[in-house]
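Data block below; observations after.
The values are calculated or read from the model by the stated rules, or taken from the named source; none is laboratory data. Just so we're clear, the structure is a prediction, and the values are computed from it rather than from any experiment. Cβ: placed from backbone, ideal geometry, glycine included. Neighbour counts: every protein chain shown. Areas reflect the complete protein model, heavy atoms only, side chains present, ligands, DNA and RNA absent. Shrake-Rupley method; radii C 1.70, N 1.55, O 1.52, S 1.80 Å.
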Amino acid sequence: METTFNFNRFMLLVRRQWIGVGKIYLMAWGVLAGLLLFFYILFAGSAGYATNVESIVAMLEFRSSFFVFLGLFYMTIISSSYFSQLGEKAKASFELLLPASRLEKFMAALFYTAILATVSYILIFWIVDFGFVTYLKSKLISVTTTLQVESGPAVETQLLVNFYQIPFPKEVYYFIFLPYLLGSIFLLGSIYFRNFQYIKTAISLFAYVILFAFCMYKASRWFLGGTISQGNGFWESRSTVFMVVCIGGIVLTLLLWTVAYLRLKEKEV
């Protein structure tokens, strides 16, 4: 099979993969929506004891952290399961002999584990959150409050807002690479390991993180021990540190995707 990329053949591969895994994805989306509804219903039970709208709004603060951690878990699950069939000899033979280049197969993997996974997660979360907030608004008499602005007239502000209307700190956007970085790690694990891909990848990742943190701690003690910070160095600026972390995360993600592709090219039954 040639190693070039053909768009028509790629689209046929994407359609073929959907026929094979479409039902699994639909089930995963159903489980995701059910899990979201479960947590929102738990919140509704607690909100029933609230005495005012402000208390209910405070309870809704769980959405930000819940969105992040559930999203990371969802991305890793999807990525870890995509090439899991390569661990079974019968299924691996069929997948490797498909009339498509390894590059097209890997690009299809990125489509399902990065693009489709991101869009589906955000859409499902938005639908559940929008429906729940709309329900709360219909049950409350007043969902607005009046603010007195200095040198200006009083304005009304909405207390209950949908999740996508919540303003996030600017620093959060520097970590937009994180779900794709974790996804690339678990995608590589699904190719590298023959069985229990998610568990083995998670254990390996945990061990590497602990080792990396220990080495960084020792290195910082060795290089910076006994020195006095001047307060105006390159690393003193928070925006600089966040920018370096973001660029490093993007580069590492691309590097891991490249390693995963090379590993897929070498994959044999």
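Taking the criterion of being open to solvent by 20 Å² or more (accessible area, probe 1.4 Å) and under 15 Å from residue 32 (Cα atoms), the residues of segment 75-117 that qualify are 77, 116. Just one residue in the set 155, 143 is at pLDDT below 85, in contact with a strand residue (DSSP E or B) (Cβ under 6 Å, 6 or more places away or on another chain), open to solvent by less than 70 Å² (accessible area, probe 1.4 Å) and more than 23 Å from residue 251 (Cβ to Cβ); that residue is 155.
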